[in-house]
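Student: For reference, the structure I am asking about is given below.
The values are calculated or read from the model by the stated rules, or taken from the named source; none is laboratory data. Computed from a predicted structure; not experimentally measured. Cβ atoms come from the backbone with ideal geometry, glycine included; neighbour counts cover every protein chain shown. Heads up: the accessible areas ignore ligands, DNA and RNA and are worked out on the full protein's heavy atoms, side chains in. Shrake-Rupley method; radii C 1.70, N 1.55, O 1.52, S 1.80 Å.
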Amino acid sequence: MLFAIKTYSFKKEERLKSRKLIETLFREGKAFSVFPYRVVYMPVDALPAGKHPVQVGFSASTRRFPHATDRNRVKRLTREAWRLQKHQLYEQLQSQSRKLAVFLIYTDKNIQPFSTVQSKISVILRKLAATGEPTVPPLPPIPNY
């Protein structure tokens, strides 16, 4: 009997680093908010790393956090919450053969505790999994003769 072991790593291939893809994501992607995050996402046909269905980037504003240590802490907390919970999204996307590019922007002025960040990332992952699910297309209109 074989068991699939989940690896809770966050590899280089999972990070969104392509400048072209990031520009396209902000230009053409869709967005939603789950306070304290603004999430910009876009389905993509082919990601550079074929093994992972999602590439994700994280950001914290210099205006809201003038000290680099605070920005780094916010991003570190967000990455950790993402790393621990990403499997619920990955499994669903792989079963549907979908790939996403995602960017999370931290918008609060204060650093939230890890438990809050973790619960918000969980909500974000559920929303991302629900977006783009196959839906029944509407029937074409009946022509009037």
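Student: Counting only the heavy atoms of the protein chains, how much of Glu28 is accessible to a 1.4 Å probe, in Å² to the nearest 10?
Tutor: About 120 Å², rounded to the nearest 10.
Student: Also, I was wondering about something else. Please express the shape of region 9-95 as an equivalent ellipsoid: the semi-axes are the square roots of 5 times the eigenvalues of the C-alpha gyration tensor, given largest first in whole angstrom.
Tutor: Equivalent-ellipsoid dimensions as semi-axes: 22, 16, 13 Å.
Student: A follow-up question, please. For Ser33 and Lys6 in the same chain, what is the full-extension length gain: residue separation times 0.36 nm, less their Cα-Cα distance, in nm?
Tutor: 6.9 nm
Student: Taking the Cα-to-Cβ direction at His87 and at His67 and moving 7 Å from each Cα, how far apart do the two end points lie in nm?
Tutor: Label at His87, label at His67, 3.6 nm between them.
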